[in-house]
Amino acid sequence: MALRVRVCRLADVVPGELRAFTVAGVTWPVIVTYAEAELVAVPGVCPHEDVALADGYLEGTELVCKGHGYGFDLTTGTCTHDKTLSLRRYPITVVGDEVFVDLL
Ligand code: FES
């Protein structure tokens, strides 16, 4: 069974910006942004060394981590520098203006 949580309003998501949203009861924030026209949600913590990914930046569809500069393709979650790393893409459901993600 999925653990679906509300993360933000759709209006809070700005194309080209990385915004991390705190989710009640969850240790790590969730980033919701656009990869091209696709709404994407991923963990707000780098799988390399736990650096906040919202401190990084977007380069096209790639999220670049401030920690060591590793890039993550948001269309797949794949790390472009280390194929053993990836970002989980959370399934997203939009209801009206509310954005929900399935964490599990
Ligand atoms: S902590 Fe993100 S690339 Fe190292």
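The values are calculated or read from the model by the stated rules, or taken from the named source; none is laboratory data. Because the structure is predicted, anything quoted here is derived from the model rather than measured. Cβ sites come from the backbone with ideal geometry, for glycine too, and all protein chains shown count toward neighbours. The area values use the complete protein model at the heavy-atom level, side chains included, leaving out ligands, DNA and RNA. Shrake-Rupley method; radii C 1.70, N 1.55, O 1.52, S 1.80 Å.
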HN-Hα J couplings of region 26-34 from phi, Karplus 6.51/-1.76/1.60, θ = phi - 60°, integer Hz, Gly and Pro as x? 10, 5, 9, x, 10, 8, 10, 8, 10
Which ³J(HN,Hα) values, rounded to whole Hz and listed in residue order, are derived for region 51-63 from phi using the Karplus coefficients 6.51, -1.76 and 1.60 in 6.51 cos²θ - 1.76 cosθ + 1.60 with θ = phi - 60°, glycine and proline given as x? 7, 5, 6, 5, 7, x, 8, 9, 10, x, 9, 9, 8
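Mind ranking T76, T27 by accessible surface for me, highest first, 1.4 Å probe? Provide the component values of the computation, followed by the final result.
Working: T76 80, T27 135 Å².
If we order T76, T27 from most to least accessible, we get T27, T76.
Explain nothing, just the number: relative contact order of region 4-102, from Cα pairs under 8 Å at least 6 residues apart, as a whole percent.
On the way: 211 pairs, mean separation 26.4, N = 99.
Normalised by residue count, the contact order of region 4-102 is 27 percent.
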Using a probe radius of 1.4 Å on heavy atoms only, what accessible surface per residue do you get for the chain? Whole Å² is fine. 53 Å²
Near the amide H of C8, under 5 Å away, which other amide H atoms are found, from residues 5 or more places off or on another chain, if H is placed in the peptide plane? V99
List the residues of region 1-28 whose backbone N lies under 14 Å from a point placed 7 Å from the Cα of K66 along the Cα-to-Cβ direction. 18-20
Along the Cα→Cβ direction, 7 angstrom out, place labels at R9 and Y57. What is the inter-label distance in nm? 2.9 nm
Along Cα→Cβ, 7 Å out, is where each label goes; now give me the distance between the ones at Y34 and V95 in nm to one decimal. 2.5 nm
For the chain, with all protein chains present and a 1.4 Å probe, just round the carbon and sulfur fraction of the accessible area to a whole percent. 52 percent
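What do you get for GluC sites (Glu not before Pro) in region 1-72 restricted to DSSP loop and a cutoff of at most 11 other Cβ within 10 Å of the site's Cβ? The partial results should precede the final answer.
Numbers: sites: E17, E36, E38, E49, E59, E62; in loops: E17, E36, E49.
In loop regions of region 1-72 (DSSP not H, G, I, E or B), the sparsely surrounded GluC sites (Glu not before Pro) are E36, E49.
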I31's amide H: which non-local residues (gap 5+, or another chain) put their own amide H closer than 5 Å, with H modeled 1.01 Å from N in plane and none for Pro or chain starts? F21, V42, G44
P(r) for the chain: what percent of alpha-carbon pairs falls in each 10 Å bin, starting at zero? 16, 53, 28, 3
If amide hydrogens are placed 1.01 Å from N in the peptide plane, which non-local residues have theirs closer than 5 Å to the one on T78? D73, L87
Over the heavy atoms of T93, what accessible area does a 1.4 Å probe trace out, to the nearest 10 Å²? 40 Å²
